[in-house]
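The values are calculated or read from the model by the stated rules, or taken from the named source; none is laboratory data. Note that the structure is predicted; figures quoted are calculated from it, not measured. Neighbour counts run over all protein chains shown; Cβ positions are idealised from the backbone, glycine included. Calculation scope for accessible area: heavy atoms of the full protein, side chains included, ligands and nucleic acids excluded. Shrake-Rupley method; radii C 1.70, N 1.55, O 1.52, S 1.80 Å.
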Amino acid sequence: MTRPISALRGAGEARLQFALYAAVCLAIFLVPLAVGDDFLLNRYARYLVLGMVAMALSLSWGYAGILNLGQALSFGLGSYCMAMALKLGTVPVHTGSDGLPDFMVWNNVETLPWFWVPFHSTAFAILAGIAVPVLVACVLGWFIFRGRVTGVFVAIITLATLVVANLLIIDRQPYTGGFNGITDLAQLSLFGFTFDAYSKSTYYLVAACLTVSLFACLALTRSKAGLILQAIRDDERRVRFFGYDVAAYKMLALAVSAAVAGLAGMLYTVVMEFASPTFLDVSLSLSIVIWCAVGGRQSLLGAMLGAILIAGMQGALSESEAFLDTWMLVMGAIFVTVVLVLPNGLAGLVSAGAHRLAAMLASRDPRRGETVHLGKPAEDRP
Amino acid sequence: MSAHLQLSDIRVSFNGFLAVNGLNLSISKGELRCLIGPNGAGKTTALDLICGKTRADSGSVRYAGRELSHMEEHLIARAGVGRKFQVPSVFRQLSVRDNLEVAMCRHTGVFATLLRPARGRGGEGLETLAEFVGLADALEEPAANLSHGQTQWLEIALLLAQDSELILLDEPTAGMTQQETVKTADICNRLKGKHTIVVVEHDMGFVREIGDVISVMHQGQLLAEGTVREVSQHEKVREVYLGSMGIGGA
Ligand SMILES: Nc1ncnc2c1ncn2[C@@H]1O[C@H](COP(=O)(O)OP(=O)(O)OP(=O)(O)O)[C@@H](O)[C@H]1O
Ligand SMILES: [Mg+2]
C-alpha cells in the first residue's frame, strides 16, 4: 500500500485504465437487458447519479487535495434548476393565475418571480443547472484559494456555505417550496422525447451522462493540468515556484467538479421526480465524502463504484427487517475499517492486488532471470 | 555594467529578530555568485526574498529591470527565477517522470495545460535529463522511494528542466559524495554564462571549484565580497566563518 495509484502512469497502464473504465460503462449500459423491473431500474439510476457526484468529488479531493464538504451544494443547485423547469412544465392544477406553481399560490405569491421566468425554457434550465454551480464554485474558490486558505479550513468554509444555502432554501418558502421542496413535476422532455422516471429511457439518460462525465474527468486527470493538480496536492508551494498559478488550477478542479455534480443533481430530480432541501443537506454531503473515501478518492472509477456499492447496500440494509435499526452502525463500521486499513480505498486494494499478480507472473517467467521484490510492479524495471 | 539582479537595503524580521538587516547584493548577467556565511547568517532567507517565498519589510529586489518584491511567487517564476531548496522538495507522490513533466513549465496557463497530455512531447529531453542525473532507471518510481542523494539529484534535474534564466541553489551538495560534488560543480560551470546563478554553499572546496566572486554574509548583512583568495584572507571573515570551520586559507 505504499504505492500511490497516481504514480503508475506507464503507457500500457493508461490503456489498461481506459479499457477498465470502458468495460464498467458498458456493463452499466447492459443492466436493463437483465433487469426488467422499472421500479428497480429507477433505483439503479438513482445509484448511478450518486456515483456521478462521488466521482466529481474524487476530482477535487483525490486529485487536487481540496476536501469539499459542500459537494451537495452543487448537486442541490443542479437539482433545483431542473425542478424549476419541470414545475413550470406541469399543467397547473391548483393554480389561480396562469401557470403559477401551486406552492406559490398557497404562499400568496401573485406573479412568477423574475428568476423563475427563464426556466420556462428547458434549455436554459439545463444550462443553469451546470452554470450556477460552476459560478458558485468559482466565486467560493476565488476567495478560498486567492486567500491561500488550505487544509481543514477549506472543509469548514465549504461546509458552512452548504449550511447557509440549505437554510436559505428552506427559509424562502414562497420561492423555493421551503421544507417540502418542489414536487409534482412534469416529465423531462428533450427533442420531443419524454423521459419517464420509471423506464429504461431515464436509466439510459443517466448512464450516458455518467459515461460522458467519467471520461471527461479521466481526460482532465490525464492532461498536464491534471498532473499539476496532483503536484499541488503533494506540495502546492513548490508548484508556485515553477510558475503555475495554484489558485487558478484549484478553481479549475472545483469548477469542473461542480459542473459534474450539477449535472448529477439535475438527473437526480428527473429520477426522483422532485427536488428537496435534503438534496443539499449536510448528511448527504458527508455521505458523498464517505463513498468517495471507501471507493478510493484517488480513482474516479473507484469513487464512483464506491458510491454505487454503498448507496446500494444502504438501500438494501435500511429496508431489511434485520438491519432496520442498525444499518447506520453497519455503514459506520465499514467506513472506519476501510479508512483505517485502506488509505486508498477499495480501488487502492484492487490496484495493489494487480501489482502483486503482475509481479508474481513476472517471477514465474523463465526469461527473466532476476528475483522479484513483492510490492514493486514488474513494469518498473527496464 | 548595470546589475542583472540587485538587492538593495533589504530588511526582514521574524518576530522581531532581524534575519536580514540591510543586505545589498548586486549580480551581473551570466555570473555565478557564491553566497557563504555561518549558520543563521540569512543566506536562505536572502534566496527566499528573491523568489518571493519571504516578503521584505523594506528594500527592493530588482531583476532584469523588474521589481520582484511585490510580485506573486508564480509570476516571479515566470519572470525567469528558479529555485532549489535547502531541504529537497520534490513531489513525493508523483513518479520521477511526472516530477520532471511538472518542471517543464514553458506553458503555465490553465487552459494551455488542459489541452496538453500529461506526458508531453518533451519525452526524449526528459529521458536524457534523467540519464544525466542518474535516475533513468527510476523514472516510474514515486519520488518518495528515492534516497536522499537521489532526491537531491531529482531536484537539480527539476531545475534544469525548468531552465530558468536565474537559478538559485541552496546547498546543492549537502549530503553528496565527493564524486557527486564534483559532478555538481561541473553542472554549475556549464550553466555559467548562459544562466545567472546564485549558490549558497558551505563546502569551501566546492566554492573554490566554481566561484568567481564570493559574497560572505554575517548576521543578515554583507560582510565581504571578492575572489576566493581575497575573501579567505579577509580578517573578519576568518574570524566569524572560515576560522571557525578550520579550513582557513587552505
Ligand atoms: N520562518 C522563520 N521564522 C523565524 N525565524 C526564521 C525563519 N526563517 C529563518 N529564520 C531565522 O533567520 C535566521 C537566518 O536564517 P537562514 O535560514 O536564512 O540562515 P542560513 O544562512 O541559510 O543558515 P544555514 O547555513 O543554517 O542554512 C536564522 O536565525 C533563522 O533561525
Ligand atoms: Mg540555509
Q) For the protein assembly as shown, with the dipole built from +1 on Lys and Arg beta-carbon atoms and -1 on Asp and Glu ones, taken about the Cα centre, which of A:Val149, A:Leu86, A:Thr326 lies farthest toward the positive end? A) A:Val149
Q | Averaged over A:219-231, number of beta-carbon atoms from partner chains that fall within 10 Å | A | 6
Q. Which value, in debye to the nearest 20, gives the size of the charge dipole of the protein assembly as shown about its Cα centre, when Lys and Arg are +1 and Asp and Glu are -1 at the Cβ?
A. 1020
Q: Evaluate the distance, in nm, between pseudo-label points positioned 7 Å from the Cα of A:Thr150 and of A:Leu190 along their respective Cα→Cβ axes.
A: 4.0
Q: Please give, to one decimal in nm, the separation of the simple spin-label points placed at A:Phe115 and B:Lys29, each 7 Å out from Cα toward the Cβ.
A: 5.6
**Q.** 27 Å Cα-Cα reach of B:Lys236 towards lysines, excluding residues that sit fewer than 8 places from it in its own chain
**A.** B:Lys43
Q. What is the distance in Å between the Cα centres of segment A:62-86 and segment A:117-152?
A. 9
**Q.** Once exposed loop GluC sites (Glu not before Pro) are cut out (DSSP; at most 12 other Cβ, 10 Å), longest piece of chain A
**A.** A:111-320
Q) Each residue of segment B:64-74 in order: what ³J(HN,Hα) in whole Hz does its phi give by Karplus 6.51 cos²θ - 1.76 cosθ + 1.60, θ = phi - 60°, with x for Gly and Pro? A) 6, x, 10, 8, 8, 5, 10, 7, 6, 3, 5
(Q) Could you work out what % of the accessible surface of chain A is carbon and sulfur, using a 1.4 angstrom probe and leaving DNA, RNA and ligands out of the count? (A) 68
Q: Using a cut-off of under 18 Å, list every residue of segment A:195-233 whose amide N is near the label point 7 Å from the Cα of A:Leu30 along the Cα-to-beta-carbon line.
A: A:204, A:207-208, A:211
Q | For chain A, calculated [θ]222 nm from helices alone, where every DSSP H run of n ≥ 4 adds -39500 (n - 2.57) | A | -22500 deg cm²/dmol
Q: Return the value, in Å² to the nearest 100, of accessible area buried between chains A and B (probe 1.4 Å, both sides summed).
A: 3400
Q. What residues have an amide H closer than 5 Å to that of A:Thr90, excluding those fewer than 5 places away on the same chain, when H is modeled at 1.01 Å from N in the peptide plane?
A. A:Ala186
Q. In nm, to one decimal, how far is the A:Val105 label point from the A:Leu349 one, both placed 7 Å along Cα→Cβ?
A. 5.4
Q: Could you go through segment A:47-54 in sequence order and give the Karplus-derived ³J(HN,Hα) for each residue, using 6.51 cos²θ - 1.76 cosθ + 1.60 with θ = phi - 60°, rounded to whole Hz, and x for Gly and Pro?
A: 5, 4, 4, 5, x, 5, 6, 5
Q. Using helices alone, what [θ] at 222 nm do you get for chain B, with -39,500 (n - 2.57) per DSSP H run of 4 or more residues, divided over all residues and rounded to the nearest 500?
A. -9000 deg cm²/dmol
Q.
With every protein chain kept in place and ligands, DNA and RNA left out, what is the accessible area per residue of segment A:241-370? Probe 1.4 Å, answer in Å².
A. 41
(Q) I'd like the mean, over residues of B:66-78, of how many other protein chain beta carbons sit within 10 Å of each residue's own Cβ. (A) 3
Q: From other protein chains only, count the Cβ atoms within 10 Å of every residue's Cβ in A:331-342, then give the mean.
A: 0
Q: Mind giving me the FRET efficiency for A:Asp171 and A:Ser318? R0 is 35 Å, r the Cβ-Cβ distance, nearest 0.05 is fine.
A: 0.75
Q) Which ³J(HN,Hα) values in Hz, rounded to whole numbers, follow from the phi angles of segment B:152-169 under the Karplus curve 6.51 cos²θ - 1.76 cosθ + 1.60, where θ = phi - 60° and Gly and Pro get x? A) 4, 5, 4, 5, 5, 4, 4, 5, 5, 5, 5, 6, 6, 6, 10, 10, 10, 10
Q) Of the residues A:Ala225, A:Ala23, A:Ala54, which exhibits the maximal mean-square fluctuation in a Gaussian network model of chain A defined by a 10 Å Cα contact cut-off? A) A:Ala23
Q | Sorted peptide list for A:287-295, B:164-172, B:47-55, criterion being average Cβ within 10 angstrom, highest first | A | A:287-295, B:164-172, B:47-55
Q.
Between A:Leu40 and A:Ala23, what is 0.36 nm times their sequence separation minus the Cα-Cα distance? Round to one decimal in nm.
A. 3.9 nm
